[in-house]
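To start, the structure itself, in structure tokens.
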Amino acid sequence: MARRNAARAGPSQTQPQTQRPTQTQRRGGRSQPQTQHQDEDEDDDQEEEGGGNEDMEEEGENAIVAKANDLVRLALFVEQRRTILRRDEINKKVLGQAARAFNRVFLFAQQKLRDAFGMELVELPSRAGLEADAAPDGESSQARPTTGLKKRAAAQGSKAYMVRSCLHPLIIEHAAQTYPEILEEEGGDQGTLFPMTLDDDADDDDDGEVPPKFYGSLLSWTRSDQLGSIGILYVILALVLVNGRVMPDNELRQHLKTLRLPSLPNALPIKLNTTSTVRSMNLDTFLSHILRQGYLDRQQVGGDAALKGKKGAGTKRLRTQAEDIEEGRSYEWRWGPRAHCEVGEENIAKFIAEFMVESDDIDEGAAGAAAARRKREDTLKKMYAGIEKASGGKLAELKAA
């Protein structure tokens, strides 16, 4: 299944840049406690990497390949639900007693995902890692206390993984183009699978049924993602980015209200097509949904946040706006780890710039076509620079695998 990250003739999406395979290398040995304290998680990693071969040597290479195939199936199943795959789940469902062979199994599974599916596993950054990346150079290391007993260093990785596309953007660009023969075939299937599309009054139906659209492309957008909700997600990510990478909850809701996405409990502005088990949802449910998936991160800044500390963020059901106001709570929205790994700040900035700059068709044979094209490119660069300035600093590249 191809992911939804491409600029195409149909709905506009952003394609992550192709990443070369990378894997964290084991350090030659542990540092002395007197000179540098090691994180306990790093100790666990070293044990897994150092002893990974012992448990599997007796079973041989076939056992590694079999477990890698199991990991591929598990990763694809988790991705279908847009959830996060955690290291503990891999150890329990795939590795079993051979948990120390994680690195070898992971490498085999990664290669199979790339070769057979055009996808790859990428470790999500922790909140501490994202905050360290966002901090000015040198600030995070100087601000950490160095006195006292052994302290846990802030882990950059979360030991949680997601699956994303690693197809080259050129491949997706061609696969997203409309082909007449495919469009004709999909049109026939649409009338069979969704007869309501043949009814001229289908658009006036009040039952919320929205049949999936078809685009005549090699990528089956019709049977994969809910493109309408993805568009709303990208708008939210764009709003947060140009607001200095953080946006208060009330401001976000006010902006969405102007787009006819109110926060009323009985309003169901998020429409999904008939391939979904849910036809529509309200804004709070949608925000909870993308919060659980890791696209957004929410942190409490008012009320009892001081008592809860960082636990004020949470990923459970969002309370309604009325409940928050009554109890004196306020929140801030930031990008979540999945957005940094799947979409990327640079790609969202390009998405905004291309949307804001008019893209009139330029006749290559017409006089002044080259000048018009250069003018549009200059305007795009200026728009991109303005977005970068509004974000508060240099835009981050897509997180590498």
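Structure notes:
- Residue 329 part of a loop (DSSP other than H, G, I, E, B) and at pLDDT 60 or above: yes
- Segment 109-126 residues that are more than 18 Å from residue 94 (Cβ to Cβ), paired with ones that are open to solvent by less than 40 Å² (accessible area, probe 1.4 Å) and of a type in the set (Phe, Trp, Tyr) (beta carbon under 7 Å, 6 or more apart): 124/161
- Within segment 382-401, residues that are closer than 20 Å to residue 333 by Cα have Cβ atoms under 8 Å from residues that are assigned to a loop (DSSP other than H, G, I, E, B) and of a type in the set (D, E, K, R) in these pairs: 388/394; 391/245; 392/245, counting only partners at least 6 apart in sequence or on another chain.
- Test: residue 70 is at pLDDT 90 or above and surrounded by 14 or more Cβ atoms within 10 Å (Cβ to Cβ): yes
- Residue in segment 99-110 that is modelled with the lowest pLDDT, counting only those that are aliphatic (A, V, I, L, M) and open to solvent by 10 Å² or more (accessible area, probe 1.4 Å): 99
- Scanning segment 254-294 for residues being hydrophobic (A, V, I, L, M, F, W, C), open to solvent by less than 70 Å² (accessible area, probe 1.4 Å) and part of a loop (DSSP other than H, G, I, E, B) gives a total of 4.
- Some residue of segment 121-134 being among the acidic types (Asp, Glu) and modelled with pLDDT of 85 or more: yes
- Failed item, numbered, when residue 198 is tested on (1) closer than 23 Å to residue 341 by Cβ; (2) open to solvent by 60 Å² or more (accessible area, probe 1.4 Å); (3) modelled with pLDDT under 75: (1)
- Qualifying residues in segment 116-133 (those that are under 21 Å from residue 77 (Cα atoms) and outside any helix (DSSP H, G or I)) - the one most open to solvent (accessible area, probe 1.4 Å): 123
- Pairs where the first residue, in segment 63-83, is on the phi > 0 side of the Ramachandran plot and among the basic types (Lys, Arg) and the second is outside any loop (DSSP other than H, G, I, E, B) and crowded, with 17+ Cβ neighbours inside 10 Å, C-beta under 8 Å, 6+ apart: 82/293
- Checked across segment 297-305, the condition of being hydrophobic (A, V, I, L, M, F, W, C), surrounded by fewer than 19 Cβ atoms within 10 Å (Cβ to Cβ) and either in contact with a Pro (Cβ under 6 Å, 6 or more places away or on another chain) or at pLDDT below 90 (or both) holds for at least one residue.
- Checked against the criteria, residue 323 does not count as open to solvent by 40 Å² or more (accessible area, probe 1.4 Å), at pLDDT 85 or above and not hydroxyl-bearing (Ser, Thr, Tyr).
- From 208, 191, residue being open to solvent by less than 40 Å² (accessible area, probe 1.4 Å), more than 26 Å from residue 348 (Cα to Cα), modelled with pLDDT under 70 and not in a loop (DSSP other than H, G, I, E, B): 191
- Residue 353 vs. criteria in contact with a Leu (Cβ under 6 Å, 6 or more places away or on another chain), over 23 Å from residue 129 (Cα atoms), modelled with pLDDT of 85 or more and assigned to a helix (DSSP H, G or I): yes
- Qualifying residue in segment 245-253 (condition: in a loop (DSSP other than H, G, I, E, B), out of contact with any strand residue (DSSP E or B) (no Cβ under 6 Å at 6 or more places or on another chain) and at pLDDT below 75): no
The values are calculated or read from the model by the stated rules, or taken from the named source; none is laboratory data. Just so you know, these numbers come straight off a predicted model, no measurement behind them. Virtual Cβ from ideal backbone geometry, glycine too; neighbours counted across all protein chains shown. Just so you know, the surface numbers come from the protein's heavy atoms only, side chains and all, with ligands and any DNA or RNA stripped out. Shrake-Rupley method; radii C 1.70, N 1.55, O 1.52, S 1.80 Å.
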